[in-house]
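First up is the structure itself, then whatever we jot down about it.
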Amino acid sequence: SDFCLFPADIISTVEFNYSGELLATGDKGGRVVIFQHEQESKNRPHLRGEYNVYSTFQSHEPEFDYLKSLEIEEKINKIRWLPQQNAAHFLLSTNDKTIKLWKISERDKRAEGYNLKDEDGRLRDPFRITSLRVPVLMPMDLMVEASPRRIFANAHTYHINSISVNSDHETYLSADDLRINLWHLEITDRSFNIVDIKPANMEELTEVITAAECHPHQCNVFVYSSSKGTIRLCDMRAAALCDRHSKFFEEPEDPSSRSFFSEIISSISDVKFSHSGRYMMTRDYLSVKVWDLNMENRPVETYQVHEYLRSKLCSLYENDCIFDKFECYSYWFFAIMTGSYNNFFRMFDRNTRRDITLEASRESSKPRATLKPRKVSTGGKRKKDEISVDSLDFNKKILHTAWHPKDNVIAVAATNNLYIFQDKIN
Amino acid sequence: MEVNVEARRILAVSISKLYASRTQRGGLRLHRSLLLSLVMRSARDIYHSSRESEESSGAHSAPEEPMDTSSSPGEQARLSEAQHEPQPALNSAELAPEEPDNAEDCCDSDITEDKENLSPTKQSRKRRGKASAAPDFLPSKRARLEPGEERYALMSFLEFFHFESRIGPSGGPLLAHGPHVGHPCLKGSFYNS
């Protein structure tokens, strides 16, 4: 089976910015790589422009917590863009403990003709300066600079799993296993703790926070999911500490499907609001569920991602795959996309209820070629072109995918490779 | 019984995972540890309930009490010498979470009892080795987590082992359960490498 030669290159998060012009990826080595959408070529107007590398920078470095004798991984857990307010772009990137606000700006001009220093930067001999001149801005090769503008540190005892920018564009929340903090983007030395589920006695711990997201329009509302498969919606107007939820979403367990691993597979790995804010979707190990915020007792839709794995949970537990945290993404909530194994990813059309399985791999996707739908055979007889469950490569997992906010363009991270697929225009 | 065999296998796999997670880069992951402990508890419960249905009533001196799956991880745990052979250990195990040795030593050697976590009516057979526990005020060179987190991780590990009731002075079975006070001697002890 395949393994990654450079583990630091494994992509750990993917996110388009608000316009879709930029696509950011974070990796296990703490680097952020930003791709930019090139304008459509005049020669080939029927093809969309490509995404090319725009900027690369080291966001986080490995650190050591001397008090606890623990290494802090530099892996980027999440990247979230801020809405663009001027020519520069801002994004938040986080590892397990520290969130950073990065400013990405372009520089295509340089001042030349300084009085006190020459072009090399060396100071000029003052006696040689006989006249005064005004420096002139000259064009230069485009340089993209990334600089850390804020560092939000020391607020999380446990491992950060989510960050989410609020609709007020001034605050954002960060969530770890037991706590959620609210930050102001300008203030780094303080954050408000808004959720704390740490029990007084840690032995009584039964669930942890797995993901959190701000409501897209109501800046006082946010949700967080748990390892027990529940989602809590909280209103920050109700209390300073939102330990008591306003809404509690949970689907009753099906007693017939109970197994050793029922609890693990019900743990929610991702939660995302719809654009309207009326719905949300959650990803657990085997399915994606769509919830109506007005109905707490069960989801309105459930999509099976890879139900054929239900009978293999024991081996997936042994090889650790059962702990994989898949994300989900939607395109205006018409379609839902999520990853699976063997470099497969799944797309569900909410209107027609059709679903498709596609593969992100070099062998199966030549540039400009149409992706062929794949099928996993679950019965005894395997048809031609189908792949049997036992032949699936569980090392090739697609955990992170993103959908362009406006166009039919998707980014799929397959281990250390990034695939960008787009619709043909005609 | 097949379920029994599978339960034991899952327990063994879970323990090795919990061990491996101690040395994982980035420290112990609370979410993962919690999920491991849940699986271990399910497997343990199924293992014990399947054993109960197999055995006759008078086979053991200390009858087992099936544990509720929704109960907290804070139930009293017993360590057995043979962690790979839970069956013979079930009758003789006692608590020993306080030595600063690593968990392997705890399993292999004689067990000391955790006085603090016993219910008041329990008799403690052995005295706690206070001298061997690292005092809190000294800096510990061993990898540490939050005090509660460590305790939690250790309890997850101990979860595997059978919680057994003992005959108390009244002659009836006693249950060890309920929330337990944090055990200061555990600080730094679990992660001795």
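Are any residues in segment A:163-209 outside any strand (DSSP E or B), small (Gly, Ala, Ser) and farther than 30 Å from residue B:36 by Cβ, and if so, which ones?
Here is the first cut: in segment A:163-209, the ones outside any strand (DSSP E or B) are A:166-170, A:176-178, A:185-186, A:197-208.
Restricting the remaining residues to those that are small (Gly, Ala, Ser) gives A:167, A:200.
Of everything in segment A:163-209, just one residue is outside any strand (DSSP E or B), small (Gly, Ala, Ser) and farther than 30 Å from residue B:36 by Cβ, namely A:167.
Restricting attention to segment A:206-239, which residues are more than 14 Å from every other protein chain (Cβ to nearest Cβ) and small (Gly, Ala, Ser)?
Across segment A:206-239, the qualifying residues are A:238, A:239.
Suppose we keep only residues that are in contact (Cβ under 8 Å) with a residue 40 or more places away in the chain and of a type in the set (Asp, Glu) within segment A:284-306. Which one would you say is farthest from residue A:378 (Cα to Cα)?
In this case the residue turns out to be A:296.
Given the conditions (1) at pLDDT below 95; (2) touching a His at 6+ places or on another chain (Cβ under 8 Å), report the number of the one that residue A:384 does not fulfil.
Tallying (1) at pLDDT below 95; (2) touching a His at 6+ places or on another chain (Cβ under 8 Å), residue A:384 fails exactly one: (2).
Do we have any residue at all in segment A:370-377 that's part of a loop (DSSP other than H, G, I, E, B) and basic (Lys, Arg)?
Taking every residue of segment A:370-377 in turn, at least one turns out to be part of a loop (DSSP other than H, G, I, E, B) and basic (Lys, Arg).
Filter segment A:248-265 down to the residues that are at the interface with chain B (Cβ under 10 Å from one of its Cβ atoms) and out of contact with any Leu (no Cβ under 7 Å at 6 or more places or on another chain) and list them by number.
A:258, A:260, A:262 - these are the residues of segment A:248-265 that are at the interface with chain B (Cβ under 10 Å from one of its Cβ atoms) and out of contact with any Leu (no Cβ under 7 Å at 6 or more places or on another chain).
If you check residue A:172 against the conditions, is it away from chain B (no Cβ under 14 Å), surrounded by 18 or more Cβ atoms within 10 Å (Cβ to Cβ), under 18 Å from residue A:96 (Cα atoms) and not charged (D, E, K, R)? Give the steps one after another, and end with the answer.
Details: away from chain B (no Cβ under 14 Å): yes; surrounded by 18 or more Cβ atoms within 10 Å (Cβ to Cβ): yes; under 18 Å from residue A:96 (Cα atoms): yes; not charged (D, E, K, R): yes.
Considered against the rule, which asks whether it is away from chain B (no Cβ under 14 Å), surrounded by 18 or more Cβ atoms within 10 Å (Cβ to Cβ), under 18 Å from residue A:96 (Cα atoms) and not charged (D, E, K, R), residue A:172 comes out as yes.
Quick one: count up the residues across segment B:16-56 that are farther than 27 Å from residue A:211 by Cα and either of a type outside the set (Asp, Glu) or within 12 Å of chain A (Cβ to nearest Cβ) (or both).
Of the residues in segment B:16-56, 12 are farther than 27 Å from residue A:211 by Cα and either of a type outside the set (Asp, Glu) or within 12 Å of chain A (Cβ to nearest Cβ) (or both).
Considering only segment A:98-119, state which residues are closer than 19 Å to residue A:163 by Cα and exposed (fewer than 15 other Cβ atoms within 10 Å of the Cβ).
none
Consider residue A:318 against the criteria (1) closer than 29 Å to residue B:18 by Cβ; (2) in contact (Cβ under 8 Å) with a residue 12 or more places away in the chain; (3) of a type outside the set (S, T, N, Q): it satisfies all of them except one. Which criterion is unmet?
Answer for residue A:318: the failing condition is (2).
Which residues, taken from segment A:233-263, are outside any loop (DSSP other than H, G, I, E, B), out of contact with any Phe, Trp or Tyr (no Cβ under 7 Å at 6 or more places or on another chain) and closer than 30 Å to residue A:312 by Cβ? Show your work before the answer.
The first filter runs over segment A:233-263 and keeps only residues outside any loop (DSSP other than H, G, I, E, B), leaving A:233-235, A:247-249, A:255-257, A:262-263.
Okay, now just the ones that are also out of contact with any Phe, Trp or Tyr (no Cβ under 7 Å at 6 or more places or on another chain), so A:233, A:235, A:247-248, A:255-257, A:262-263.
Within segment A:233-263, A:255, A:256, A:257, A:262, A:263 qualify.
Filtering segment A:51-73 down to residues that are part of a strand (DSSP E or B), out of contact with any Pro (no Cβ under 9 Å at 6 or more places or on another chain) and at the interface with chain B (Cβ under 10 Å from one of its Cβ atoms), which residue is surrounded by the fewest Cβ atoms within 10 Å (Cβ to Cβ)?
A:65
Residue A:281 is checked against (1) part of a strand (DSSP E or B); (2) closer than 30 Å to residue A:49 by Cβ; (3) touching a residue at least 60 places away in the same chain (Cβ under 8 Å) and fails just one. What number does that condition carry?
Of everything listed in (1) part of a strand (DSSP E or B); (2) closer than 30 Å to residue A:49 by Cβ; (3) touching a residue at least 60 places away in the same chain (Cβ under 8 Å), residue A:281 misses just condition (3).
Would you kindly identify the strands (runs of 3 or more DSSP E) lying entirely within segment A:85-162 that contain at least 2 residues that are closer than 30 Å to residue A:186 by Cβ and free of Cβ contacts under 8 Å to residues at least 40 places away in the same chain?
Numbers: elements: A:89-94, A:99-112, A:136-152.
Fully inside segment A:85-162 and qualifying: A:99-112, A:136-152.
Regarding residue A:76, is this residue within 16 Å of the chain's Cα centre (by Cα), modelled with pLDDT of 95 or more and away from chain B (no Cβ under 14 Å)?
In short, no.
The values are calculated or read from the model by the stated rules, or taken from the named source; none is laboratory data. Because the structure is a prediction, the values reported are computed rather than measured. We place every Cβ from the backbone using ideal geometry, glycine too, and count neighbours over all the protein chains shown.
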